[in-house]
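Please read the structure below before turning to the comments.
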Amino acid sequence: MTYLIQGATGDFEVVIGLEVHAQVISNAKLFSGASTEFGAEPNSNVSLVDAAMPGMLPTINEECVRQAVRAGLAIGAQINKYSKFDRKNYFYADLPQGYQISQFTHPIVGEGVVRIDLGDGKTKDIGIERIHLEQDAGKSMHDQHPEYTYVDLNRTGVALMECVSMPHMRSPDEAAAYITKLRTIFRYIDACDGNMEQGSMRADVNVSVNRPGEEWGTRCEIKNMNSVRFIRQAIEVEARRQVDIIEDGGSIDQETRQFDPVKGITRSLRSKEDAHDYRYFPDPDLLPLEFDDAFVEAARASLPELPDAKHDRFVSELGLSDYNASVLVAEKENADYFEALLEAMGAGSDAKKASNWVTGDLFGALNKAGKPIGNSPVSPTMGAELLKLVAEDVISGRVAKEVFADMFETGKGAAQIVDEKGLKQVSDTGELEKVIDDLIAANPGQVEQYRAGKTKLIGFFVGQVMKATGGSANPGVVNKILKPKLDG
Amino acid sequence: MSEIDKATVAKIARLSRIKIDEEKQAALAGELNNILGWIEQLEEVDTDGIEPMASVVDTKLKWRTDVITDGDKQESVLKNAPKAEYGFFAVPKVIE
Amino acid sequence: MTDLNKLKIAEARDLLGKGELSSVELTEAHISAVEASKPLNAYIESTSEIARTQAKSADAQIKAGNQKGMTGIPVGIKDLFATKGVHTQACSKILDGFKPEYESTVTQNLWDDGAVMLGKLNMDEFAMGSSNETSFYGNVLNPWRLKTAAGEKDTVPGGSSGGSVSAVAGFAAMGATASDTGGSIRQPAAFTGTFGIKPTYGRCSRFGMVAFASSLDQAGVITRDVRDGAIMLESISGFDPKDSTSAKLDVPNFEAALTGDIKGLKVGIPAEYRLEGTPQEILDIWDKGIQWMKEAGAEIVEISLPHTKYALPTYYIVAPAEASSNLARYDGVRYGLRETVDGDGLIPMYEETRAAGFGEEVQRRIMIGTYVLSAGYYDAYYLKAQRVRQLISRDFKEAFEKCDVILTPTAPSAAFEFGAKSDDPLAMYLNDVFTVPASLAGIPGSSVPAGLDKDGLPLGLQILGKAWDEETVLKVSHVLEMAAAFTHQPSEWWR
């Protein structure tokens, strides 16, 4: 369904593009040997190169190049074996060089595609314009001292991949799905940890509105968004703001804005007189970045199965529902858990049932306990043991839920709990026959009513059997014996 | 190609983050115009189809391996700072 | 032994090796010479204590049989090179009080070879200048004075390596590091009767060398003769993984190239260097040089460098553009000068600091550089200049298909008086007319003292070579030096 904003004078469409900055996973920085570790003492993960001391020069980290190439391959993008670094010149306290080394005219990765999931098996392809490598800036803290801003350069020079989408998104949901998917892909390939709260992934969101059928409007850029929820909200309020201006007869200024989640508004970041002129030019301290096909192929070979391929395989080969497949592949750890579970269950086991258990019981319990899957008290092997007990009719599905709750709390194995609590279901026909015979003898009134046509009373008898066996009777076997006896 | 006036000087000075007093702007505009006017003789050169030359070095960019070889020298980093507090560089606040 | 400070590096090296001289003696003589050279203002910081320590260690090295080319040799270091814990300001006020926590690769190479540091040498601020009149530490005087009927007058030493040449010509260093962006080694060498060589771009590491224009900056040396230049150049050269533009090539034994034999070598004479308005004396010394080459058995080849005329304007786009960006780091945040106005914020701090810290010429170049890179002008200026630069480089490549080296004058005049050109930036820029093309092409070049003009001031001739062929440049320079037999010395008026 098309997302439309209802204005007083008619509907508006919204056009969205994202520039996502993803911190590259590497030990050292893009152009210096200092550590990229998060949370260190201020200015300790800083080399004299990062601090832009006079005469210091950049040297490039091969791992950052490899990661950018892997990211490009993961979105099926064109890899540019020849690219260049440019300087983007501007002054800021946390930008020691007075310029950011980035890639302007010749990025390392060209056009590609990200498939986003819109629910109900629907997908949409979002075009990627480019991915380029650049340096992160440092951090300014404005609230530590009444007169001074404190500057920490630990992040300065950490490699970022800037992934620029085409303006292919048409709703806040699509934008949310896009950044979520990009995060998933980058996490799959271990190129970025995707930790948005720590700022490892941030997005600048470009938003414009237009009346259906008319040309696109002027866009505004909302800077530095680090949560999917805020991105969604910011697009909603920004689009609404633009619609209101247009309907009031005004026009949109192309500008940079900031989202205030507390007030739920966006506000202009810069006054016009201070408009930026970045004066990009090729960085004379660096030569063009070049590599060969062998480098690209080695990077390709290092990629794991990607989420789209995994999703499609789960559906077509394992028979999973689209929903379950999507949920499982959304996080690599989930998919890994599921695949380890299947492996432990052995060949020929019911993947569909296993997926229901993971997405239902396991995720429910983890959610409730606030635990990530990596810390699940029930390992894939333990889960497999439990599911096998059900598959082999040792316990019923209902008992399995009880056993799982126990496993989750105590960390004990399924078989052990079943043993200790005597939860093994009774499937022994002789034993059950005796119980049923006794019940029929003890309840002649109900038997009579049943035989008179009140067949619903079978439930009463099943309940009595369960009561008599302490819930351990196999309901299938009970039904099989009970019905002919009642029918007489 | 272009004529630099006082306003342009003020704009370039702002971009360069150099304070140029207003009374100096006109004189500087004159000097810059002189230099740029002389530079503009380059327009005579036919450069159609010529690749811009950014570096004279005819080799490939060499790569570093991804190992931590630097950092952990807060004292050295801050040693020459006009003002440093609690391990941070301290600068006057940005006033919007 | 008297006048130890007048020895050449090669002579001192041989005496040190034979045990007839100690580095401590040699160094003490130079420390005195540095002291006596104060009127020249070549040194802005003397490091005698470091020198004494290094000299002792050098003597121990020699005793242990580990003598290298520069062991025990006292040298001066241009203030552009970072020297750990020692004044390094590129002679700018904006680096007020800056003492780096690191050593430049060029100087580290010297210390690794056992050289001795006498002090830091004056220069034009951020190497921007051709007369050493832009230094925050004041003008450097040329040991050579203009002889007029009314008496002797002070002259500029050339720039930007004014302190380097003045110290070497004034016998206050056996050699000095220098740097060349558009002629800052060759032009001052010509003005002071010293030998200067700028190697191929990428031969020496730029790590720890305060950047002016990164695609042009190249370290080199100033010495009193070609052999000394070869010895010292070899010491500072070599691949450095810390500089991405440094070339991974072995450094030849440069001194071994001085065979004295240039028979059959082709020496190119570019027609375009016969510029209108060039003084006759310059043309005469050039003709003499051509004659010497012929007499030494070289073949003279007429060549053409058709874009020569455009080299200067190209340079005055490229260099300021890069400089405007390279000098953005001087912002009062992490080191050097900080000027604040009470109650004002970050941006006024930037603007006040940079206005107070940069001299006029530096400000002028930052402004030009910012302008030519700014929106709407990039293509017309910067990109155009990069294309012309390609043509200039191509000119040289084509010329070197016909010749092995190129011989030209180094500068369009001899040293001039203070203030003669400092009010007219364009007139000053024209000083580099013969040196800038080679800088743009990144090829090696030297300046060899060739004679005196009518006022008694030295004139130099420039030898340009193919990329990575410093050996031929040195070989030809050496032959030229022998032919010119330049034995003049300045009167030591400053002592």
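The values are calculated or read from the model by the stated rules, or taken from the named source; none is laboratory data. All of these numbers come straight from a predicted model, not from anything done at the bench. Cβ: placed from backbone, ideal geometry, glycine included. Neighbour counts: every protein chain shown.
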Exercise. Would you say C:GLY456 is within 23 Å of C:ALA167 (Cα to Cα), among the small types (Gly, Ala, Ser) and touching a Leu at 6+ places or on another chain (Cβ under 7 Å)?
Worked result: no
Exercise. Which residues, counting only those in segment C:36-69, are of a type in the set (S, T, N, Q) and in a loop (DSSP other than H, G, I, E, B)?
Worked result: C:SER37, C:ASN41, C:THR47, C:ASN66, C:GLN67
Problem set entry | Residues of segment C:434-469 satisfying the condition of being within 14 Å of the chain's Cα centre (by Cα) and among the aliphatic types (A, V, I, L, M) | C:VAL436, C:ALA438, C:VAL448
Exercise. Which one is surrounded by the fewest Cβ atoms within 10 Å (Cβ to Cβ) among residues in segment C:288-310 that are assigned to a helix (DSSP H, G or I), in contact (Cβ under 8 Å) with a residue 24 or more places away in the chain and away from chain B (no Cβ under 14 Å)?
Worked result: C:GLU295
For this session: Test each condition in (1) buried (at least 23 other Cβ atoms within 10 Å of the Cβ); (2) of a type in the set (A, V, I, L, M); (3) within 14 Å of chain C (Cβ to nearest Cβ) for A:ILE101 and report the one that comes out false.
Result: (1)
Problem set entry | Members of segment C:243-264 that are away from every other protein chain (no Cβ under 14 Å) and either under 22 Å from the mean Cα position of the chain (by Cα) or not in a loop (DSSP other than H, G, I, E, B) (or both) | C:VAL251, C:PRO252, C:ASN253, C:PHE254, C:GLU255, C:ALA256, C:ALA257, C:LEU258
Exercise. Just checking, which of C:PRO320, C:PRO313, C:PRO279 is surrounded by 22 or more Cβ atoms within 10 Å (Cβ to Cβ) and either closer than 30 Å to C:MET349 by Cα or out of contact with any helix residue (DSSP H, G or I) (no Cβ under 6 Å at 6 or more places or on another chain) (or both)?
Worked result: C:PRO320
Exercise. Restricting the search to segment B:52-90, which residues are closer than 30 Å to C:GLU339 by Cβ and either within 7 Å of chain C (Cβ to nearest Cβ) or under 26 Å from the mean Cα position of the chain (by Cα) (or both)?
Worked result: B:SER76, B:VAL77, B:LEU78, B:LYS79, B:ASN80, B:ALA81, B:PRO82, B:LYS83, B:ALA84, B:PHE88, B:PHE89, B:ALA90
Exercise. Could you give every pair whose Cβ atoms fall below 7 Å, whose first residue belongs to segment C:30-59 and is under 20 Å from C:ALA169 (Cα atoms), and whose second residue is of a type in the set (Asp, Glu), counting only separations of at least 6 or pairs across chains?
Worked result: C:ILE44/C:ASP79
For this session: Any chance you could count how many residues in segment C:390-421 are out of contact with any Lys or Arg (no Cβ under 9 Å at 6 or more places or on another chain) and of a type in the set (Val, Ile, Thr)?
Result: 3
Problem set entry | Within segment A:80-160, strands (runs of 3 or more DSSP E) holding 3 or more residues that are at pLDDT 95 or above and touching a strand residue (DSSP E or B) at 6+ places or on another chain (Cβ under 8 Å) | A:86-89, A:99-102, A:112-117, A:123-135, A:148-152
Problem set entry | Filtered residues of segment C:398-427 (kept if assigned to a helix (DSSP H, G or I) and without any contact (Cβ under 8 Å) to a residue 12 or more places away in the chain) | C:GLU398, C:LEU426, C:ALA427
For this session: Evaluate the following for A:VAL46: is it facing another protein chain (nearest Cβ under 7 Å), surrounded by 20 or more Cβ atoms within 10 Å (Cβ to Cβ) and in contact (Cβ under 8 Å) with a residue 60 or more places away in the chain?
Result: yes
Exercise. Hey, which of the helices (runs of 4 or more DSSP H) in segment A:334-405, taking only ones fully inside, have at least 3 residues that are surrounded by 20 or more Cβ atoms within 10 Å (Cβ to Cβ) and of a type outside the set (Phe, Trp, Tyr)?
Worked result: A:380-391
Exercise. Does A:GLU13 satisfy the criteria of being more than 13 Å from every other protein chain (Cβ to nearest Cβ), within 24 Å of A:SER140 (Cβ to Cβ) and not in a loop (DSSP other than H, G, I, E, B)?
Worked result: no
Problem set entry | Answer residue from segment A:440-465, given it is surrounded by 11 or more Cβ atoms within 10 Å (Cβ to Cβ) and not in a helix (DSSP H, G or I) and is farthest from the chain's Cα centre (by Cα) among those | A:ASN443
Exercise. Which residue, of C:ALA213, C:ALA219, C:ALA230, is under 19 Å from C:GLN187 (Cα atoms), at the interface with chain A (Cβ under 10 Å from one of its Cβ atoms) and in contact (Cβ under 8 Å) with a residue 12 or more places away in the chain?
Worked result: C:ALA213
Seminar exercise, completed: Quick count over segment B:29-45, residues being more than 9 Å from chain C (Cβ to nearest Cβ) and either buried (at least 18 other Cβ atoms within 10 Å of the Cβ) or within 29 Å of C:ALA467 (Cβ to Cβ) (or both), is 1
For this session: Taking only segment C:85-128 into account, find how many residues are assigned to a helix (DSSP H, G or I) and either within 14 Å of chain B (Cβ to nearest Cβ) or buried (at least 24 other Cβ atoms within 10 Å of the Cβ) (or both).
Result: 10
Exercise. Out of all the residues in segment A:390-399, is one or more of a type outside the set (Ser, Thr, Tyr), in contact with a Ser or Thr (Cβ under 7 Å, 6 or more places away or on another chain) and under 26 Å from A:ALA330 (Cα atoms)?
Worked result: no
For this session: Restricting attention to segment A:56-79, report how many residues are surrounded by fewer than 21 Cβ atoms within 10 Å (Cβ to Cβ) and assigned to a loop (DSSP other than H, G, I, E, B).
Result: 2
For this session: Considering only segment C:357-369, state which residues are within 13 Å of chain A (Cβ to nearest Cβ) and either within 12 Å of C:ILE317 (Cβ to Cβ) or touching a strand residue (DSSP E or B) at 6+ places or on another chain (Cβ under 6 Å) (or both).
Result: C:ILE368, C:GLY369
Exercise. Being surrounded by 17 or more Cβ atoms within 10 Å (Cβ to Cβ), within 24 Å of the chain's Cα centre (by Cα) and in the same structural domain as A:GLY98 (by TED's automatic domain parsing), is that true of even one residue in segment A:140-156?
Worked result: no
Exercise. Can you tell me which residues in segment C:330-347 are within 29 Å of C:TYR382 (Cα to Cα) and surrounded by fewer than 22 Cβ atoms within 10 Å (Cβ to Cβ)?
Worked result: C:ILE347
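For (1) outside any strand (DSSP E or B); (2) in contact with a helix residue (DSSP H, G or I) (Cβ under 8 Å, 6 or more places away or on another chain); (3) crowded, with 24+ Cβ neighbours inside 10 Å, each residue gets a yes or a no:
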{"residue": "C:VAL448", "(1), (2), (3)": "no, yes, yes"}
{"residue": "C:GLY451", "(1), (2), (3)": "no, yes, no"}
{"residue": "C:LYS454", "(1), (2), (3)": "yes, yes, no"}
{"residue": "C:GLY460", "(1), (2), (3)": "no, yes, yes"}
{"residue": "C:LEU464", "(1), (2), (3)": "no, yes, yes"}
Exercise. Is one or more of the residues making up segment A:420-430 modelled with pLDDT of 85 or more and in a helix (DSSP H, G or I)?
Worked result: yes
Problem set entry | Residues (surrounded by fewer than 21 Cβ atoms within 10 Å (Cβ to Cβ) and within 23 Å of the chain's Cα centre (by Cα)) located in segment C:391-415 | C:SER393, C:PRO412, C:SER413
